[in-house]
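One structure is given here, and the rest of the page talks about it.
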Amino acid sequence: MGSFKRGIETEYVGAAKNAGIEKMPATGYVVLPFDRPNGQESLCVAAGSRVKKGELLVRGDLLHEPVFSSVSGSVVSVGEVMTLRGKAQAVTVENDFKEEWHPSVQPFSKPLLRAAPEEIREFLKNKGIENLDGEGLSLERKLSLAAGKAKEVIVNCLECEPYLHGVHSLLIHEAAAVAGGARILAAALGVKRISFVMDLKRRDEAVSLRNQLKGKNLSARFRFLSAKYPQQEERQMILAVKHREIPLSVAPERLGIASFGVHTVYAVYQAFVTGMPQVERVVTVEGDCVLQPSNLRVPLGAPLSELISRCGGFSTSPGRVLIGGPFSGKEEKNLQIPVTGEIKAILAFAEKETETAASCVRCGRCALVCPQRLTPTSLARLYRKNKIGGRDRRFLSDCRECGCCSAVCPVKIPLLKRIRAGKEAFSEKKYESEREKRNGNPT
Ligand code: SF4
Ligand code: SF4
């Protein structure tokens with residue numbers, strides 16, 4: 001048992017913390033973003049094309065996952081939309097509600113025990129599974145880097161931020177699929193050992209997993225941590241379990257550490273047994289303004305407003321809507337943006353975050369909890385600068401946007417919000433210059 005020194009203690013709260021997973025019916029249209037410099041060249045469809053569920057819309061490349069349609073219907077447009085990360089190119093598909101699957105959606109053709117690791121990796125490579133559990137490499141990159149180096153598969157079952165229940169609901173209600181996904185990943189890397197890293201307070205999650213793995217010719221190990229936020233992040237989890245600090249510039253897989261989050265493991269199982277590429281994910285809808293807080297399995301590309309309607313709508317007009325957890329979530333006013341792979345939760349709270357007029361009292365708490373050992377106050381000042389130098393940029397990119405600093409500030413200075421404003425100023429400029437290049441209009 002262990003933990004790491006920084007971060008903050010949290011509690012598991014929320015009305016849907018013990019709820020199962022409900023499948024949300026498909027929506028009238030889906031918007032599937034594909035932001036990448038050569039996006040137009042990678043497109044496999046155009047406005048007017050008929051598509052089936054699971055059909056490839058945009059080819060993948062070294063840095064981007066392929067994009068598949070999450071409904072059957074017709075492509076109504078290909079163009080710029082707003083997403084959680086700002087403007088992006090996207091394919092919009094109008095649903096015909098026929099639920100017709102594309103013929104390419106086929107399960108893996110062999111029993112797992114007779115398949116070679118390379119065959120499994122090749123099969124999963126074409127399923128568009130991105131890292132559904134947070135920042136990090138896509139599944140394909142993780143597997144290709146870890147192949148031949150990893151000695152075990154680590155399943156990261158930690159979910160330390162309040163109001164997030166996706167991981168817990170999968171571990172309790174889809175234990176067979178999570179155990180199956182872990183076995184598939186072990187076979188894909190040719191290893192026989194699986195470690196499940198779990199929270200000491202959630203021992204119930206281990207019971208059903210243990211039962212599912214009995215007699216499977218595998219060594220399954222359960223490691224319990226006294227978890228605190230943000231220990232669910234890959235590097236923090238590795239530090240607690242392996243006592244190794246991995247710099248942000250090094251992928252853990254290069255050092256032979258192959259860890260996967262529960263949402264990703266579940267997607268692997270779905271892909272393997274049904275052939276389904278990544279076209280859906282589990283999203284928690286929570287908060288004191290949501291009438292029926294729930295964990296929903298939703299098609300990618302569905303507008304956020306549809307998820308809220310599915311949960312009975314708002315009981316009262318929310319003061320703020322966060323995408324993600326209460327510490328790291330991003331306030332979002334546009335509820336027409338689509339669900340993308342990175343969206344784990346929508347939280348609606350009555351209380352508004354008000355800009356404080358108070359000044360920093362120099363207590364140093366924000367720096368004490370920062371898992372990256374940064375000085376959040378200095379980073380938070382950068383958004384006011386017109387030009388941000390190379391050193392500051394590096395510090396900005398080291399920030400994992402965990403929000404620990406804002407959460408502990410006694411005078412409620414919105415440090416994370418300001419740090420993000422600095423980061424967004426950069427990405428907006430980057431996007432504009434890429435778009436100009438695409439349009440042949442370099443400045
Ligand atoms: S500066 Fe960034 S990494 Fe550090 S606590 Fe704040 S949000 Fe987290
Ligand atoms: S926690 Fe708040 S008051 Fe304390 S040093 Fe950080 S910004 Fe200043």
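All of the numbers you see were taken from the coordinates with simple rules; none came from a lab. Bear in mind the structure is a predicted one, so any value in this text is a computation, not a measurement. Heads up, the Cβs are rebuilt from the backbone with ideal geometry, glycines too, and the neighbour counts pull from every protein chain shown.
By the beta carbon rule, with partners counted only under 4.7 Å, the chain holds these lone Cys residues: 44, 157, 160, 289, 311, 360, 363, 370, 399, 402, 404, 409. The dipole here belongs to region 112-274: it is taken about the Cα centre, uses +1 on the Cβ of Lys and Arg and -1 on the Cβ of Asp and Glu, and is about 740 debye.
Cross-link reach is defined here as a Cα-Cα straight distance under 12 Å, omitting same-chain residues fewer than 8 places apart; for residue 412 the aspartates and glutamates meeting it are 353, 355.
Listed highest first by mean packing, meaning other Cβ atoms within 10 Å per residue, what order do 222-234, 396-408, 13-25, 54-66 come in?
Ranking the peptides 222-234, 396-408, 13-25, 54-66 by packing returns 222-234, 396-408, 54-66, 13-25.
Using only the C-alpha atoms, the convex hull of the chain corresponds to 143 Å³ per residue. For the chain, the residue among 260, 163, 241 whose Cα projects farthest onto the positive side of the dipole built from Cβ charges is 241.
Using DSSP, restrict attention to beta bridges with both residues in the chain and report what percent are antiparallel, rounded to the nearest 5.
Of all bridge pairs located within the chain, approximately 60 percent are antiparallel.
Bridgeable lysines around residue 214 (alpha carbons under 28 Å apart, same-chain partners fewer than 8 residues away excluded): 17, 110, 142, 149, 151, 192, 201, 242.
For residue 139, what is the net charge nearby, where nearby means another residue's Cβ is under 9 Å from its Cβ and Lys, Arg count +1, Asp, Glu -1?
Local charge sum for residue 139: +1.
Only helical runs count toward this figure. For the chain, summing -39,500 (n - 2.57) over DSSP H runs of n ≥ 4 and dividing by all residues gives -8500 deg cm²/dmol at 222 nm. If R0 is taken as 30 Å, the Cβ-Cβ distance between residue 113 and residue 207 corresponds to a FRET efficiency of 0.70. Straight-line reach from residue 385: taking Cα to Cα under 19 Å and skipping same-chain neighbours fewer than 8 places apart, the lysines in range are 417, 423, 429, 430. If contacts are Cα pairs under 8 angstrom and at least 6 residues apart, what is the relative contact order of region 244-300 in percent? Taking the mean separation of contacting Cα pairs over the length of region 244-300, I get 23 percent. Distance from the Cα centroid of region 213-250 to that of region 1-70 is 24 Å (rounded to whole angstrom).
Converting phi to 3J(HN,Hα) with the Karplus coefficients 6.51, -1.76 and 1.60 and the offset θ = phi - 60°, region 314-331 yields 9, 6, 8, 5, x, x, 7, 10, 10, 9, x, x, x, 8, 9, x, 10, 5 Hz in sequence order, with x at every glycine or proline. The overall shape of region 49-143 is oblate: from the C-alpha gyration tensor, with semi-axes ordered a ≥ b ≥ c, the ratio a/c is 1.5 or greater and a/b is no larger than b/c. Taking all Cα-Cα distances within region 112-274, those exceeding 22 Å account for 35%. Restricting region 280-342 to trypsin sites (Lys or Arg not before Pro) that sit in a DSSP loop and have at most 15 other Cβ atoms within 10 Å of their own Cβ leaves 333.
Working from Cα pairs under 8 Å separated by at least six residues, relative contact order for the chain is 19 percent.
Backbone amide hydrogens, once placed in the peptide plane, bring residue 229 within less than 5 Å of 8, 10, excluding anything fewer than 5 places away on its chain. Oblate is the label for region 228-267, because the ratio a/c of its alpha-carbon gyration tensor axes (a ≥ b ≥ c) is 1.5 or higher and a/b is not greater than b/c.
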